[in-house]
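Enquirer: Structure in structure tokens, see below.
Derivation of every value follows stated rules applied to the coordinates shown; laboratory data play no part. Note that the coordinates shown come from a computational prediction; the quantities given were computed from them, not determined experimentally. All Cβ positions, glycine included, derive from the backbone under ideal geometry; neighbour counts span all protein chains shown.
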Amino acid sequence: MATWSNWFKTAKEKNFSIEKYLFINQAEDLERLHSSGLPFYDFILIDGKNFDKEKIQAFAAKHESTWIRIYNKEDKGEKYHKLGLKSGKEIFSFIESLKIDVSNFNIQLFEYVENKFGGNIASDGQFPKIELIEGKQELVSRSTEKYFHGQINAIGRLAFLEENVPKNIRSTAAKVIDYIKIARKEFLSGYFEFVVSDKGKAYFLDYKKETKAFTS
């Protein structure tokens, strides 16, 4: 399991067209997430054609730490990110280091907190599946640690594929799945990415409505 950017990078290396399976529309995905009621990071989106340094400086000053994502408007596989930037100066330095024509890119800035868990949920509305890892966000995106795999079963319990699942993994998975619960046996449908901070607060990073590539 890895993030979108990892999947795109691997697909590009193997000359495999992945877009028809991932159903990505950044603007729609963010709008869906932000109108869902799920907790998410504070963020701003900047079109590289209107690169606003003052807006970036103000956002960086507002938060202890910032996470930046930059993606090409046309080539969805060309993405860059960096975690834990502490100032506007560090943000500008990172962007300059990429040596790109920023007008061809969209820039997303998110507040960033140290996280202890991360993963994703694929939900068909009845039996959501969750993949969870204990580790910081870089470990999650690179899949360098062991994932645990759980699913809500027919009697409504969270069951894991693995044996001897640690209590903190079980409790964290149950807590995150509760966010998408509508009723006793009804859940939001879609694909969700999330992290849980070192203080136990959950943040959802992505919410895609199409799930057939993940739940089949």
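Enquirer: Over 27 Å between Cα atoms: which of Lys129/Lys167; Lys89/Lys146; Lys62/Lys201; Lys12/Lys167 fall into that group?
Expert: From the list (Lys129/Lys167; Lys89/Lys146; Lys62/Lys201; Lys12/Lys167), the Cα-Cα distance tops 27 Å for Lys89/Lys146; Lys12/Lys167.
Enquirer: What 222 nm value per residue comes from the helices of the chain, counting each DSSP H run with n ≥ 4 as -39,500 (n - 2.57) and dividing by all residues, nearest 500 deg cm²/dmol?
Expert: Helices in the chain give a 222 nm mean residue ellipticity of -8500 deg cm²/dmol.
Enquirer: Counting only other residues whose beta carbon sits under 9 Å from that of Asn168, what net charge do I get with K and R as +1, D and E as -1?
Expert: Once positives and negatives cancel, what remains is +2.
Enquirer: Moving on to the next point. Near the amide H of Phe117, under 5 Å away, which other amide H atoms are found, from residues 5 or more places off or on another chain, if H is placed in the peptide plane?
Expert: Placed amide hydrogens put Gly135, Val196 under 5 Å from Phe117.
Enquirer: Taking the chain as the reference, fit the longest principal axis to its C-alpha atoms, fit the long axis of helix 4-13 to the helix C-alpha atoms, and give the angle between the two in degrees, 0 to 90, nearest 10.
Expert: The angle comes out near 80 degrees.
Enquirer: Putting +1 on Lys and Arg Cβ atoms and -1 on Asp and Glu Cβ atoms, find which of Ala154, Ala60, Ala173 reaches farthest to the positive end of the dipole of the chain.
Expert: Checked the options; the winner is Ala154.
Enquirer: Express the Stokes-Einstein translational diffusion coefficient of the stretch 66-107 in µm² s⁻¹, to the nearest whole number, given a Kirkwood radius over alpha-carbon pairs, 4 °C and a viscosity of 1.567 mPa s.
Expert: 123
Enquirer: Given a Förster radius of 41 Å and the C-beta distance between Val102 and Ile155 as r, what FRET efficiency does 1/(1 + (r/R0)^6) yield to the nearest 0.05?
Expert: Result of the calculation: an efficiency of 0.20.
Enquirer: Moving on. Mind giving me the FRET efficiency for Lys53 and Lys73? R0 is 25 Å, r the Cβ-Cβ distance, nearest 0.05 is fine.
Expert: 0.80
Enquirer: Would you mind calculating the relative contact order of the chain from Cα pairs under 8 angstrom and at least 6 residues apart, reporting the percent as a whole number?
Expert: 23
Enquirer: If all Cα-Cα distances of the stretch 32-113 are sorted into 10 Å bins from 0 onward, what percent lands in each bin, rounded to whole numbers?
Expert: 18, 52, 28, 3
Enquirer: Still on this structure: Taking only Cα atoms and a 10 Å spring cutoff, compute GNM fluctuations for the chain and point out the largest among Ile95, Ile133, Ile180.
Expert: Between Ile95, Ile133, Ile180, it is Ile95 that shows the largest mean-square fluctuation.
Enquirer: Which ³J(HN,Hα) values in Hz, rounded to whole numbers, follow from the phi angles of the stretch 26-33 under the Karplus curve 6.51 cos²θ - 1.76 cosθ + 1.60, where θ = phi - 60° and Gly and Pro get x?
Expert: 3, 5, 5, 4, 5, 4, 4, 5
Enquirer: Against the longest alpha carbon principal axis of the chain, how many degrees, from 0 to 90 and to the nearest 10, is the axis of helix 88-98 turned?
Expert: That helix lies at roughly 90 degrees to the long axis.
Enquirer: Moving to a separate point now. I need the fraction of alpha carbon pairs in the chain separated by more than 20 Å, rounded to a whole percent.
Expert: Value for the chain: 60 percent of Cα pairs lie more than 20 Å apart.
Enquirer: Report the semi-axes of the equivalent ellipsoid for the stretch 28-75 in whole Å, largest first, where each axis is √(5λ) for an eigenvalue λ of the Cα gyration tensor.
Expert: Working from the Cα gyration tensor, I get semi-axes of 20, 18, 9 Å.
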